[in-house]
1. Working only within the stretch 127-147, note down all residues that are buried (at least 23 other Cβ atoms within 10 Å of the Cβ) and among the charged types (D, E, K, R).
2. I'd like the residue in the stretch 209-237 that is modelled with pLDDT under 80 and among the basic types (Lys, Arg) and, out of all such residues, is nearest to Gln141 (Cα to Cα).
3. Just to be sure, is Lys214 assigned to a helix (DSSP H, G or I), surrounded by 12 or more Cβ atoms within 10 Å (Cβ to Cβ), of a type in the set (D, E, K, R) and over 19 Å from the mean Cα position of the chain (by Cα)?
4. Of the residues that make up the stretch 116-139, is at least one assigned to a helix (DSSP H, G or I) and either out of contact with any helix residue (DSSP H, G or I) (no Cβ under 8 Å at 6 or more places or on another chain) or over 18 Å from Gly216 (Cα atoms) (or both)?
5. If you go through the stretch 57-110, how many residues are hydrophobic (A, V, I, L, M, F, W, C), within 17 Å of the chain's Cα centre (by Cα) and under 20 Å from Gly216 (Cβ atoms)?
6. Do the conditions hold for Val144, that is, is it under 25 Å from Ala32 (Cα atoms) and out of contact with any helix residue (DSSP H, G or I) (no Cβ under 6 Å at 6 or more places or on another chain)?
7. Of the residues that sit in the stretch 71-87 and are without any contact (Cβ under 8 Å) to a residue 60 or more places away in the chain and open to solvent by 20 Å² or more (accessible area, probe 1.4 Å), which one is farthest from Phe123 (Cα to Cα)?
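The values are calculated or read from the model by the stated rules, or taken from the named source; none is laboratory data. Please read all numbers here as calculations on a predicted model, not as lab measurements. So basically every Cβ, Gly included, is an ideal-geometry build from the backbone, and we count neighbours across all protein chains shown. Note: accessible area is taken over every heavy atom of the protein model, side chains too, but ligands, DNA and RNA are not part of it. Shrake-Rupley method; radii C 1.70, N 1.55, O 1.52, S 1.80 Å.
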Amino acid sequence: MSRIRLLPLVAIVLVLAVPAAADEPTKDPIPAEERAETQRVVDELRAVVSEIRGLEWKQTVPVELLTREQTRQKMLSSIEEELPEEELVAANRMLRRLKMIGPDDNILTIVVDMVSGSAGGFFDPKEKKFYIVAGQSPAAQKPVMVHELIHALEDQYIDLEKTQETMEKDPDQTFAFKCMIEGSAEIARITYEERFPEASKAFHEGMRKNVALKQGQMRAMAKTQAFMILPMQLHYR
């Protein structure tokens, strides 16, 4: 997952920016061992990703871990920063009148809950950083990392952020571009899983055993209308 445009209709953009630091230092909720192991696995995958995609890295992309809640807050603050309040109000009003969301629903929280509840990682083309959601075995997240590292690698050649900005007024072109970049990353992920079946097995077993993640995904999906889910699914299919 990179920068996300779920609906041309609503024009919601998740540009995942880092939230402001708190005044008081807080204890890191992510163990140092997990951070170190994640960095090791990402470094190990860089050469594989380069070989699968047929492109050389121009520079190293930083990797950072976030908790699930930090991911959610990151998305919320980013959209609020990028999306004018009047546009959000107008989008909610329109969708409520069309009965595409409930009278008390907010398209912003629906989208953020859906995406943050299921994302395993993402690349931010604006910050040029790669994020992984903590709490899962780094070794079992290799296919997710490969997908996101493809975004990071391709960004060094076509600049995903600037390219998408040229398409902002054309929903069809934006949708097609999103399908292209997500399709490229998915082909690389599938190729990786075929070459390294033990990594694929660890990933899928980890997903099956992660009850908390499954429950969170089910809750988010139950609150989300199909018209929001389907376009994003098509990007990957």
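1. Once the filter is applied, which keeps residues that are buried (at least 23 other Cβ atoms within 10 Å of the Cβ) and among the charged types (D, E, K, R), the stretch 127-147 yields only Lys142.
2. Lys209
3. Spelling it out, it is not the case that Lys214 is assigned to a helix (DSSP H, G or I), surrounded by 12 or more Cβ atoms within 10 Å (Cβ to Cβ), of a type in the set (D, E, K, R) and over 19 Å from the mean Cα position of the chain (by Cα).
4. Looking through the stretch 116-139, at least one residue is assigned to a helix (DSSP H, G or I) and either out of contact with any helix residue (DSSP H, G or I) (no Cβ under 8 Å at 6 or more places or on another chain) or over 18 Å from Gly216 (Cα atoms) (or both).
5. Selection size over the stretch 57-110: 7.
6. Numbers: under 25 Å from Ala32 (Cα atoms): yes; out of contact with any helix residue (DSSP H, G or I) (no Cβ under 6 Å at 6 or more places or on another chain): yes.
So Val144 passes the test.
7. If we filter the stretch 71-87 for residues that are without any contact (Cβ under 8 Å) to a residue 60 or more places away in the chain, which is where we start, we get 72-74, 76, 80, 84-86.
Of the ones still in play, those that are also open to solvent by 20 Å² or more (accessible area, probe 1.4 Å) are 72-73, 76, 80, 84-86.
Numbers: Arg72: 15, Gln73: 16, Leu76: 16, Glu80: 19, Pro84: 23, Glu85: 25, Glu86: 28 Å.
Taking the candidates together, the pick is Glu86.
Condition check ((1) in contact with a Lys or Arg (Cβ under 9 Å, 6 or more places away or on another chain); (2) more than 30 Å from Gln59 (Cβ to Cβ); (3) of a type outside the set (Val, Ile, Thr)) across all residues:
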site: Leu88; (1), (2), (3): no, yes, yes
site: Met94; (1), (2), (3): no, yes, yes
site: Asp105; (1), (2), (3): yes, yes, yes
site: Met114; (1), (2), (3): yes, yes, yes
site: Gly117; (1), (2), (3): yes, yes, yes
site: Gln141; (1), (2), (3): no, no, yes
site: Ala152; (1), (2), (3): yes, no, yes
site: Tyr157; (1), (2), (3): yes, no, yes
site: Leu160; (1), (2), (3): yes, no, yes
